[in-house]
């Protein structure tokens, strides 16, 4: 599969020139700065404080549950803000350090860092929204997420049952999906997959560390029963799932995004840069709050056009990218948070109709 080449005067070169000029004029580098490091430290401290209160605070059940939710939200935001940049090797100047930071951040959620990085960088970012080549839309028995996928009779209700399924996203990723991906030799357009033995060892060590943090230590160091701890985890994981889905899923799966199909010869009918733009949807791209919460993923077109730039640049890049897109007559979808959620459910209903 390949994209059309848009030549020296096309949209792609214009975007690259715009990004280069932005960095040069601001005297900037592509990595995180001290403010992002401070944000990561703040989120890590919030997690440690909330988790420490559970273990040593002698809290009642409702207090421990509130702290568990605070710890979970802190871990989720740490993964989105630090872990995502680190997965793209743009948090520090050293890839090994980035991978270690991502490992720590993702372990707090129970998600394997290596497998997430592998499928995110090598599948989703190569061919977003392309059926058979984007792991984020493939192998999903619950939803029809592309007009290029076949219908099943129950998809007509997918916009109604979606919130219930979305509550299980974290739980499914931690205890089902990761184990499936570890052993699969074919995922989307990736073939003959062979993971290094070190990744397999790190996988199981991370899972053991997560189970120890979430279940073993609270069970042995507090008065709560294993049943109470499990019930608390299930509730927190459901809430985290809804937060994660609501912030991010509409950036690709919306009625404003396109789902291009390759020709019989494997050619997608536009350039890579145009593809990155028309398959994404921004939401509140000028909002500092949205950027803080989502690690810049609210400026989703900027992220796909410059995935190896720290997300601290995206809010300033977004209007520059829009100006170039307007010059070339390419649509750049943008909405509010409410519009993002609404467009996603309109999309689900349309795909199931």
| message | Nearest 10 degrees is fine. How inclined is helix 34-56 to the longest principal axis of the chain, computing both from alpha carbons? | response | 30 degrees
| request: Take the Cα radius of gyration of region 289-334 and divide it by 2.2 N^0.38 Å, with N its residue count; two decimals is plenty. | output: 1.11
| query | Do you know the relative contact order of region 229-353, to the nearest whole percent, from alpha carbon pairs under 8 angstrom that are 6+ apart? | reply | 30 percent
| Directionally averaged shadow of region 1-51, computed from the convex hull of its alpha-carbon atoms, nm² | 6.8 nm²
| message | So if the hydrodynamic radius of region 77-233 is defined as the Kirkwood radius over C-alpha pairs, what does Stokes-Einstein give as its diffusion coefficient at 20 °C and 1.002 mPa s, in µm² per second? | response | 123 µm²/s
| the chain, helix-only ellipticity at 222 nm - DSSP H runs n ≥ 4, -39,500 (n - 2.57), divided by all residues, nearest 500 | -17000 deg cm²/dmol
| said: Under the rule a/c < 1.5 gives rounded, and otherwise a/b versus b/c splits prolate from oblate, where does region 148-302 land using the Cα gyration tensor? | reply: prolate
| note | the chain: relative contact order from alpha carbon pairs under 8 Å, six or more residues apart, as a whole percent, is 25 percent
| said: I'd like the orientation of helix 11-26 relative to the chain: the angle between its Cα long axis and the longest Cα principal axis, in ° from 0 to 90, rounded to 10. | reply: 60 degrees
| message | From zero outward in steps of 10 Å, how is the percent of C-alpha pairs of the chain spread across the bins? | response | 5, 23, 33, 26, 10, 2, 0
| remark: On each of the three principal axes the extent of the alpha-carbon atoms of region 148-214, given in whole Å and largest first, is 43, 34, 11
| request: Classify region 57-96 as rounded, prolate or oblate, taking a ≥ b ≥ c as the square roots of the eigenvalues of its Cα gyration tensor: rounded when a/c is under 1.5, otherwise prolate if a/b is larger than b/c and oblate if not. | output: prolate
| How would you classify region 1-130 from its alpha-carbon gyration tensor, with a ≥ b ≥ c the square roots of the eigenvalues: rounded for a/c under 1.5, else prolate if a/b is greater than b/c, otherwise oblate? | prolate
| Ordering of 83-91, 222-230 by packing [mean C-beta count within 10 Å, highest first] | 83-91, 222-230
| note | Unit-weight point scatterers at every alpha-carbon of region 247-353, Debye formula, q = 0.22 1/Å: log10 I(q)/I(0) is -1.17
| remark: Measuring from the longest principal axis of the C-alpha atoms of the chain, the long axis of helix 226-248 (C-alpha) lies at a number of degrees, nearest 10, equal to 20 degrees
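Laboratory data are not the source of any read-out in this text; all were calculated from the coordinates shown. Everything quoted here is computed from the prediction, not taken from an experiment. Here the Cβ is made from the backbone with ideal geometry for all residues, glycine too, and neighbour counts use every protein chain on show.
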